Amino acid sequence: MIGRLEEMMKIVVLAGGISTERDVSLISGSQIYKALKERHEVILLDSYLGYEGDDYEQVFSMDKDWAQGIAAIPQVDPDLSLVRAKRKDNPNIFFGPHVLDICKMADIVFLAMHGENGENGKLQAAFDLFDIPYTGTDYLSSAIAMNKALTKEKFVYYHIPTPGCTIVHNKEADPKVNYPCVVKICSGGSSVGVYIVNDETEYRVAMQKARSYDAEILVEEYIKGREFTVCVIDGQALPVVEIAPKEGFYDYKNKYQAGSTVETCPAPLSPEKTQEIQDIAVRAFYALGLKTYTRFDFMMDEEGQFYCLEGNTLPGMTPTSLIPQEARAIGVEFPELCEWIIRVSMEKYQ
């Protein structure tokens, strides 16, 4: 049910982390924090750097942003070695100082994490063990959706239209392919580790780069056409967005640099095609066993056939992000969207 939460809540907005999408996460977290703090007790916390003060039990009364936010998302993904250097304790431990302690004090944790650290299910599983409520889907469906190979298998089994692909495991020989094709890492987001290749030379370079991110690579059929995205919240598909980068494809730069992409919501599709892509998105939502909300990416080829690429279980909530645009198209402004996500997420625990 769309609507504002009736009671004031203690909310931790968890962002940052140590994935290639750290910067995106900090911007998302900052936007969510600002939207919720007018009506709730909210803190913004970096999951990796945490809070080092001994007075962590009082953080909800301090009314302060404890994550070191950034003003804008750079054009390239962050240098994570610089982030690790800021940790005074063991840099290999995922949770920073007092992160779990502070999250235990919250009524719910709003996950503004992106990429492997937040979307592969490990964080969700840890929170389940500590009985910490959180937004978004559960650990198992998170893990499935994060792994593009498992997602492909689910889509094929449930007859969700998706581009054909070959899965290349660690140290396997590169398969022979037809050009153009798409090389992408198995577990990643924000189009980090995704390459459109047109010939043998580009293919070899793309495979080498992809292996620097992940041991499992997908070599996918290239679909020439238009790109769309659809959010599903609690089994309900929101309006469709068409994405048209001014140059290249919808990569890391075009996702987050203002003016790099033309985004049209609702998308200029016929009512029949709009319903078709929304129906596929809802089917994909249930095929992956997802709960609460997810954003699905699509291509439509020149014959009008839709292909579902993947689901994003913790999609961006930055000023240029897509879900806020979809919600606004049905009259739901950003603060109400954040509370809608909290409301739906709390239903997991009822």
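The values are calculated or read from the model by the stated rules, or taken from the named source; none is laboratory data. Note that the structure is predicted; figures quoted are calculated from it, not measured. FYI the Cβ positions are ideal-geometry reconstructions off the backbone, even for glycines, and counts take in every protein chain you see.
Tabulated data
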item	result
Residue list for segment 131-158, filter: more than 30 Å from E339 (Cβ to Cβ) and either surrounded by 22 or more Cβ atoms within 10 Å (Cβ to Cβ) or in contact (Cβ under 8 Å) with a residue 12 or more places away in the chain (or both)	N147, K148, A149, K152, K154, F155, Y157, Y158
Some residue of segment 102-125 being without any contact (Cβ under 8 Å) to a residue 12 or more places away in the chain and more than 14 Å from G29 (Cβ to Cβ)	no
Given (1) under 26 Å from L82 (Cβ atoms); (2) out of contact with any Leu (no Cβ under 7 Å at 6 or more places or on another chain); (3) not hydroxyl-bearing (S, T, Y), index of the condition G29 fails	(2)
Qualifying positions in segment 208-221 - crowded, with 17+ Cβ neighbours inside 10 Å and either modelled with pLDDT of 90 or more or part of a strand (DSSP E or B) (or both)	I217, L218, V219, E220
Yes/no for K148 being of a type in the set (K, R) and either under 17 Å from T20 (Cβ atoms) or touching a Phe, Trp or Tyr at 6+ places or on another chain (Cβ under 6 Å) (or both)	yes
Only listed residue being outside any helix (DSSP H, G or I), touching a helix residue (DSSP H, G or I) at 6+ places or on another chain (Cβ under 8 Å) and under 20 Å from S28 (Cα atoms), chosen from G316, G304	G316
Index of the failed condition, C181 passing every other in (1) farther than 22 Å from F95 by Cα; (2) surrounded by fewer than 20 Cβ atoms within 10 Å (Cβ to Cβ)	(2)
Enumeration of residues in segment 265-285 that are more than 15 Å from Q305 (Cα to Cα) and not in a helix (DSSP H, G or I)	C265, P266, A267, P268
Any hit, segment 161-176, residues being in contact (Cβ under 8 Å) with a residue 40 or more places away in the chain, buried (at least 21 other Cβ atoms within 10 Å of the Cβ), in a strand (DSSP E or B) and aliphatic (A, V, I, L, M)	yes
In segment 223-256, the residues that are within 17 Å of the chain's Cα centre (by Cα), modelled with pLDDT under 95 and assigned to a loop (DSSP other than H, G, I, E, B)	D234, Y250, D251
Enumerated helices (runs of 4 or more DSSP H) restricted to segment 10-125, each holding at least 1 residues that are within 18 Å of the chain's Cα centre (by Cα), in the same structural domain as I341 (by TED's automatic domain parsing) and modelled with pLDDT under 95	22-36, 116-119
Filter pass, G289 being outside the structural domain of C186 (by TED's automatic domain parsing), in a loop (DSSP other than H, G, I, E, B) and at pLDDT 95 or above	yes
